[in-house]
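The structure appears below as structure tokens.
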Amino acid sequence: MHRTEVTGCEGGHGHSFLCLPTSVRRRIYLEAGLFADCDRICLGEPRDSWPKNSVYARRDCMRYAQSSAVTYNLELTCRTIYREACSILYSTNHFTIQYEQARGLSGLQHLTPSALSSLSRLTVCLNVTQCQNTDPYSKNCDELWHWAKWGRYDETALQSSSSRFKDILRDWEKAAHHLGSHCKPSTLKLYLICDVENAEVAVPILEPLFSMPQLAKCAIRLGQHPDSKLQDLAREAALRATKSTQDILSSPFPFLRLPRELRLHVLSYTDLITPLREVHWNPEKKFYVQYLSWTPDGEYLQSSFSYRQVAPLRCCFLQHMGCFCPRFHASYPEECNCWSPPTPIFLASRALKADAEEIFYRLNRFIITHPGGTTYIPKRTPDRLEGSIFLTDVVPFAHLHHLRFLELVFPPFEDDYIQSREPAYQDWIDTIDRIHTKLIGMTLRVYMRDQGLHYVNNVEIPFRAHSAAKKGEIIPAMYVRTLEPLKKLRGLERFFVHLACPFSRNRDGYLRRDNKRYMRDRYTRDLEDKVEKLVMGPGYDAIAAGKEDLEVSQWREDELVSGTGADQWR
């Protein structure tokens, strides 16, 4: 065995531990139990509780928790080992401190100069109010960040007239001065949370950042809810703290002077295109995005879309550092890639709005639903159908030809729906007559929904309690009556129909669970084929056109995964 002689031992100790190469000593420290690579460690807490507060820690962090005394003992061994252990401890872990009335920010102020010079990631929470996320398909900050497990919320935003503001500002100025005096330039990533009432409170809170050495990265949150003025302050402060002010253009870029083809290409990389290229609309919510929901334990449900596509909608990549997502807060997160509604692009100018609308309607899929949802049973036919409103009042007539995919979801009905004598039916006919030459090259998919499984107090609620003869007459007649006018559409590229089986329930209105499902499936497929040929012509083959290969929309995939859809009991 070849042996390499170790020379140049530190401090002239001969063949001792310090004679080992630095990389070997570092590995020994880590194997012994020195804290490293933890995503959250609370300053000011006893060291034996550090890993317990690291919610998003790596798996080996839990092993470190069992030998927490190792970190403390290593720092007491000798100066050399103290410097090396301290460097690893503060450079590889993410530290967090929250202001408390009793001890302020003492946990940060008590750090030694050598610790501060190694510090690489720090979250400072001066005033944190509870997140009130109104997006039904996204989790609140406390769920994503697990704040309630280790921190506490402040009741209100910080006000300039409160004594608490003065106390926080005094302690923050001291802590920031101590931190700035010893941290290395371009090393520290700082994440600051201070929910304030207005800009008057925000300005003095941000001022201490400007006396620090250049930060490697900086994210700032100044409000619980989005606020353009506070967001501008946060952005300017973060760019100034990272010495990135040169990235701010002194004058607006003349975007509209670019050739139109180039403008459209640039806009195709903006938030005009949702991560799933799927946009929902109904008369109450207007435009919104919907995506596969979460399971009760918070696990991500597998989707036919890739995680890279879905993640910007579901959560912020800065969860373990705090919630800095500008979709929900007045914040500037340098690293956040979350999608947000592209409203500012539409409001910039008329010329830009025209370009934006073309990209928006051409590159997204649009799903039109009843305001009550896909399984809501309306008591009567509305005055106008949702599809009629969308195609006549929402999409500009000049942009109708840009639509490439439209999905109409009709709600389940009890007796009959959209009868020929009702105003909604005539309006539907008028809508088709108006747009019949504008949807060339578009794919149209139509769903006729059933109620699905519906329970109240563990008792199934009956639906469509009619005789088989009545069901076989009323329901198919509604399908044909509603969809036959679509044959006036010229140039439609593909047309797919998904119908709820009229016989999925018995005469008492309960879902059938017998062994004759294959017969009901065959009846429904034949009915779908009949309607598709009625609209597209006798030679049309929906299966050959890709009906079974086209991915389902998120609302439908959610039903299939959760088992709440009706088609499982045809």
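The values are calculated or read from the model by the stated rules, or taken from the named source; none is laboratory data. The structure presented is a predicted model; accordingly, all values stated were derived computationally and were not measured. Because the Cβ atoms are built from the backbone with ideal geometry, glycine has one as well, and the counts that use them run over all protein chains shown. SASA here: full protein model, heavy atoms, side chains in, ligands and nucleic acids out. Shrake-Rupley method; radii C 1.70, N 1.55, O 1.52, S 1.80 Å.
Along segment 380-394 the Karplus relation, 6.51 cos²θ - 1.76 cosθ + 1.60 evaluated at θ = phi - 60°, assigns HN-Hα couplings of 7, 6, x, 5, 9, 6, 4, x, 5, 5, 5, 7, 10, 9, 9 Hz to successive residues, with x for each Gly and Pro. Most tightly packed first, judged by the mean number of other beta-carbon atoms within 10 Å of their residues, the peptides 22-33, 523-534 read 523-534, 22-33. At a Förster distance of 25 Å, what's the computed FRET efficiency of D430 paired with W339, Cβ-Cβ distance as r, to 0.05? Efficiency for this residue pair is about 0.10.
Using a simple spin-label model with pseudo-atoms 7 Å out from Cα toward Cβ, R277 and S163 lie 6.1 nm apart. If I model a spin label at K530 and S106 as a point 7 Å from the Cα along the Cα→Cβ vector, what separation in nanometres do I get? Going from the K530 label point to the S106 one covers 8.2 nm. At the residue level, I543 shows approximately 90 square angstrom of accessible surface with a 1.4 angstrom probe and all protein chains present.
The order of R404, R481 by accessible area, most exposed first and with a 1.4 Å probe, is R404, R481. Each other residue within a Cβ distance under 13 Å of H265 adds +1 if Lys or Arg and -1 if Asp or Glu, for a net charge of 0.
Between S91 and I440, residue separation times 0.36 nm minus the direct Cα-Cα distance comes to 119.7 nm. All other residues with a Cβ under 14 Å from the Cβ of L122 taken together, and with Lys, Arg as +1 and Asp, Glu as -1, what is their net charge? Local net charge: +4.
With R₀ fixed at 22 Å, the C-beta to C-beta distance from Y288 to V552 puts the FRET efficiency at about 0.75. Near I432: Cβ cut-off under 12 Å, other residues only, Lys/Arg at +1 and Asp/Glu at -1. The net charge is +1.
Ignoring solvent entirely, what values of log10 I(q)/I(0) come out of the Debye formula for segment 327-431 at 0.17 Å⁻¹ when each Cα is a single scatterer? For segment 327-431, the Cα-only Debye profile gives -0.94. Highest average first, the peptides 157-165, 225-233, 120-128 ordered by how many other beta carbon atoms sit within 10 Å of their residues are 120-128, 225-233, 157-165.
A simple rule links phi to the HN-Hα coupling: the Karplus curve 6.51 cos²θ - 1.76 cosθ + 1.60 with θ = phi - 60°, which for segment 154-159 gives 8, 5, 9, 5, 5, 10 Hz, with x for Gly and Pro. In the complete set of protein chains, residue-level accessible area for F253 is approximately 120 Å², probe 1.4 angstrom.
Couplings 3J(HN,Hα) of segment 276-282, computed from phi: 9, 6, 9, 10, 9, 8, 8 Hz, in residue order, whole Hz [Karplus 6.51 cos²θ - 1.76 cosθ + 1.60, θ = phi - 60°; x for Gly and Pro]. First check a/c for segment 150-252, with a ≥ b ≥ c the square roots of the eigenvalues of its C-alpha gyration tensor; if it is under 1.5, answer rounded, and if not, answer prolate when a/b is larger than b/c or oblate otherwise. It is oblate, given that a/c is not under 1.5 and a/b is not larger than b/c. Taking amide H as placed 1.01 Å from N in the peptide plane, C183 has no amide H partner under 5 Å among residues 5 or more places away or on another chain.
Amide hydrogen proximity for F287: with H placed 1.01 Å from N in the peptide plane, no residue at 5 or more positions away or on another chain lies under 5 Å.
Residue separation of Y540 and A199 scaled by 0.36 nm, minus their Cα-Cα distance, works out to 116.5 nm of gained length. Each label was represented as a point 7 Å from its Cα along the Cα-to-Cβ direction; for A354 and C78 these points are 7.8 nm apart.
Cross-link pairs exceeding 19 Å in C-alpha to C-alpha distance, out of K174/K243; K184/K243; K488/K530, comprise K174/K243.
A probe of 1.4 angstrom, applied to the heavy atoms of all protein chains, finds M478 with accessible area near 0 square angstrom. Taking amide hydrogens as placed 1.01 Å from N in the peptide plane, the amide H of V497 sits under 5 Å from those of V446, each at least 5 positions away in sequence or on another chain.
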